[in-house]
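Novice: Starting off with a structure, shown below.
The values are calculated or read from the model by the stated rules, or taken from the named source; none is laboratory data. From a predicted model like this one, the values you see are computed outputs, not experimental measurements. So basically every Cβ, Gly included, is an ideal-geometry build from the backbone, and we count neighbours across all protein chains shown. Note: accessible area is taken over every heavy atom of the protein model, side chains too, but ligands, DNA and RNA are not part of it. Shrake-Rupley method; radii C 1.70, N 1.55, O 1.52, S 1.80 Å.
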Amino acid sequence: MPTNILFCSAGRRTKLLQFFRQSLDAESHLIAIDNQPTAPALYFADNSYIVPRITDPGYVDLLIDICKKEGIKAITTLIDPEIELLAKNRDLFIENGVLPLCPSIKTAQLCFDKYALFEHLTEHGIPTVLTFDTLEHFMEGFEKGQIEFPVFIKPRTGSGSVGIHKVHDLSELKKYLDEGAHQYIIQEFMDCRDCDADVYIDTISHKPVSIFTKNKIETRIGGANKTISFKDERLFNFIKEICKVLDFNGPVDMDFWFRDGKYYLGEVNPRFGGAYLHAHGAGVNFIPLIVNNINGIENDEHIGYYREDVLMMMYDDVVIIDKKDLVNNEVDGMRKKIAIYGAGGLGKEVAGGIQRINKAGNGQWEIIGFYDDNKPVGTEVSHYGKVLGGIEELNTFGEPLALAIAVGTPASRKHIHDRITNPNIYFPNLIAPSFRILDPKTFKIGEGNIIQDNCSVTCDVEIGNYNVLNGSNAMGHDVKVGNFNVLMPGVRLSGEVSVGDCNLLGLDSVVLQRVKIGNKVTLGAGSVMMTKPKDGFTYIGVPAKKFDF
């Protein structure tokens, strides 16, 4: 039986796919996906797809569609931020006959949040690197002599060595923390031997059945590029203890420090590590273990079955390809039909936004045309299409159809939505590639939202359903936006602002911190809302005052 495997966020991991091809039978297929057609690993797979970013609300549904179409038996990701997403949907994949090579959701969250992992390991008696989550916390330990400079700082939820720094004194530490580029953790500087392990945890027994350990000789951004194998029963046993307090499934990459005769766990990445290539090249092959687990076979333990002093020396390679041969959604048949309700200027803007989403590799949309009850069928709207009908025609559409409501009046948007009763119609979020989310882990969004170019949100922002952010909008921390709101270009919402339903915020208007806007409020262009308005009224000016027509 073919063993088809899906690699998410394949990126540059070409050699890994080559090893899989060598280890699987000829009938098995490798499927690779990424949000960029220039990801080299796509061209080492049997079939490839360009997909939206992992933050897209329809991303998991698209994964399921690909799994069904390609007969996928196992799924894995090659980037840290996607691990939690797969873990959250673990049961969904299993229901569809796909083995997810990812940890439980709790373990995924612990591994991504480095301070939470430190607390969990400490609670269970696993030696790890001393870590502090705030400057105040660090100062307590510093004054008690628990830690001294230099120290090491890194983003609490970072990956790929982004934002890491060796810090030599308190003033330098405060400088980095004040800059606020990341939510940093502060760790003791481990000036000792650096090593790591590639571990396979059986998905049936949940025990480590294969371990390959190596010392790091040279490290560059993102991981080690020169390593040498070694064996130590103490480390093998330590890894077994770690696996008792964390719930893994499949390949795991673990980093360790060795100081004064004792191993300390540094980080855990519950996926194929970049240096797994060393293990595989030295004869430690996880791929047959994956095939066994797919077929319901529990693997026997084979730990330490490799030679010591085997070196890996990583180097760069290239993929050369004609532009016309880049992976294209249309070729792969994964484009989804979408229509736009509203044949005016906003409708044309939204159509252009959809095309930019497709071009950036963040979507897979085929615009079939426009719907509008106020224009005759056949009216040419733009080069994006013609008017196909109105609400009546939409309610009789006989197959799945995505719909964007491109109407700029909040009450009209709600009225149109409420009149659509066809279960085949669904409302995706259409999010411009330039949309910036400074803290993706705390961002929440509903459905049917249109977010145009150059908008941004910071942290703990919640956006409901069917809103329009019409360009260059900015939202501060803890902002909450309800449903059917329209924010014209340049709107600024300060921290802890809340906006209810069906509000219209005019061009370049500002809502100051902690102001609560209810429902059906209109804020004039250039106005500044400083106090809570009454529902259903228009406010104009600086400061904004109720305006009676």
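Novice: What residue, of Val319, Val284, Val331, is out of contact with any helix residue (DSSP H, G or I) (no Cβ under 8 Å at 6 or more places or on another chain), at pLDDT below 95 and outside any strand (DSSP E or B)?
Specialist: Residue meeting the stated conditions: Val331.
Novice: Also, I was wondering about something else. So Gly378 clears everything in (1) assigned to a helix (DSSP H, G or I); (2) over 30 Å from Gly518 (Cβ atoms); (3) touching a strand residue (DSSP E or B) at 6+ places or on another chain (Cβ under 8 Å) except one condition, right? Which one?
Specialist: Here Gly378 clears every test but (1).
Novice: Quick check: is even one residue across the range 404-426 part of a strand (DSSP E or B), at pLDDT 95 or above and either among the small types (Gly, Ala, Ser) or buried (at least 20 other Cβ atoms within 10 Å of the Cβ) (or both)?
Specialist: So far as the range 404-426 goes, yes, one or more of its residues are part of a strand (DSSP E or B), at pLDDT 95 or above and either among the small types (Gly, Ala, Ser) or buried (at least 20 other Cβ atoms within 10 Å of the Cβ) (or both).
Novice: Taking only the range 463-497 into account, find how many residues are part of a strand (DSSP E or B) and open to solvent by less than 30 Å² (accessible area, probe 1.4 Å).
Specialist: Going through the range 463-497 one residue at a time, the tally reaches 9.
Novice: List the pairs whose first member sits in the range 319-342 and is within 17 Å of Gly11 (Cα to Cα), whose second member is in a loop (DSSP other than H, G, I, E, B) and at pLDDT 75 or above, and whose Cβ atoms are under 6 Å apart, counting only residues at least 6 apart or on separate chains?
Specialist: Short answer, once both residue conditions are applied: Leu326/Pro37; Val327/Pro37.
Novice: Suppose we filter the range 237-272 for residues that are closer than 21 Å to Glu301 by Cα and in a loop (DSSP other than H, G, I, E, B); how many remain?
Specialist: The qualifying residues number 7.
Novice: Which is of a type outside the set (Val, Ile, Thr), at pLDDT 95 or above and either touching a Pro at 6+ places or on another chain (Cβ under 7 Å) or more than 22 Å from Tyr306 (Cβ to Cβ) (or both), of His165, His206, His182?
Specialist: His206
Novice: Spot the failing condition for Asn295; the list is (1) among the polar types (S, T, N, Q); (2) open to solvent by less than 20 Å² (accessible area, probe 1.4 Å); (3) over 13 Å from Ile211 (Cβ atoms), and only one is missed.
Specialist: Going through the list (1) among the polar types (S, T, N, Q); (2) open to solvent by less than 20 Å² (accessible area, probe 1.4 Å); (3) over 13 Å from Ile211 (Cβ atoms), Asn295 breaks only (2).
Novice: Taking only the range 306-319 into account, find how many residues are among the hydroxyl-bearing types (Ser, Thr, Tyr) and surrounded by fewer than 14 Cβ atoms within 10 Å (Cβ to Cβ).
Specialist: Adding up the residues that qualify gives 1.
Novice: Output the number of the condition that Pro155 fails; it satisfies all remaining conditions of (1) open to solvent by 40 Å² or more (accessible area, probe 1.4 Å); (2) modelled with pLDDT under 95.
Specialist: (1)
Novice: Can you name the helices (runs of 4 or more DSSP H) wholly within the range 1-100 that have at least 1 residues being open to solvent by 30 Å² or more (accessible area, probe 1.4 Å) and closer than 25 Å to Lys323 by Cβ?
Specialist: By residue number, 14-23.
Novice: I would also like to ask the following. Quick one: in the range 220-257, of everything that is within 20 Å of His124 (Cβ to Cβ) and in contact with a Cys (Cβ under 9 Å, 6 or more places away or on another chain), which residue is most open to solvent (accessible area, probe 1.4 Å)?
Specialist: The residue in question is Trp257.
Novice: Also, quick follow-up: Criterion first (touching a strand residue (DSSP E or B) at 6+ places or on another chain (Cβ under 6 Å), assigned to a loop (DSSP other than H, G, I, E, B) and of a type in the set (D, E, K, R)) does Lys348 satisfy it? Break it down into steps so the answer makes sense when it comes.
Specialist: Working: touching a strand residue (DSSP E or B) at 6+ places or on another chain (Cβ under 6 Å): yes; assigned to a loop (DSSP other than H, G, I, E, B): no; of a type in the set (D, E, K, R): yes.
So Lys348 does not fit the description; no.
Novice: Let me ask something else about it. Take the residues of the range 116-148 that are among the hydroxyl-bearing types (Ser, Thr, Tyr) and touching a strand residue (DSSP E or B) at 6+ places or on another chain (Cβ under 8 Å): which is most open to solvent (accessible area, probe 1.4 Å)?
Specialist: To start, the set of residues in the range 116-148 that are among the hydroxyl-bearing types (Ser, Thr, Tyr) comprises 122, 128, 131, 134.
Keeping just the survivors that are touching a strand residue (DSSP E or B) at 6+ places or on another chain (Cβ under 8 Å) gives 122, 128, 131.
On the way: Thr122: 76, Thr128: 22, Thr131: 3 Å².
My answer is Thr122.
Novice: Hey, can you tell me all the residues within the range 351-370 that are open to solvent by 90 Å² or more (accessible area, probe 1.4 Å) and either assigned to a strand (DSSP E or B) or within 19 Å of Leu62 (Cα to Cα) (or both)?
Specialist: Lys359
Novice: Let me ask another. Quick check on this structure: which one of Asp453, Asp460, Asp373 is among the acidic types (Asp, Glu), on the phi > 0 side of the Ramachandran plot and surrounded by 15 or more Cβ atoms within 10 Å (Cβ to Cβ)?
Specialist: Checking each option against the conditions leaves just Asp460.
Novice: Restricting attention to the range 498-518, and to residues there that are open to solvent by 30 Å² or more (accessible area, probe 1.4 Å) and not in a strand (DSSP E or B), which single residue is nearest to Asp535 (Cα to Cα)?
Specialist: Among those that are open to solvent by 30 Å² or more (accessible area, probe 1.4 Å) and not in a strand (DSSP E or B), it is Asp501.
Novice: Looking only at the range 301-321, which residues are of a type outside the set (A, V, I, L, M, F, W, C) and within 12 Å of Pro208 (Cβ to Cβ)?
Specialist: Listed by number, the residues that qualify are Glu301, His302, Gly304.
Novice: Another question about this same structure. Across the range 176-204, which residue is nearest to Thr134 (Cα to Cα) among those that are over 29 Å from the mean Cα position of the chain (by Cα) and either without any contact (Cβ under 8 Å) to a residue 24 or more places away in the chain or open to solvent by less than 30 Å² (accessible area, probe 1.4 Å) (or both)?
Specialist: Filtering first and then ranking leaves Met190.
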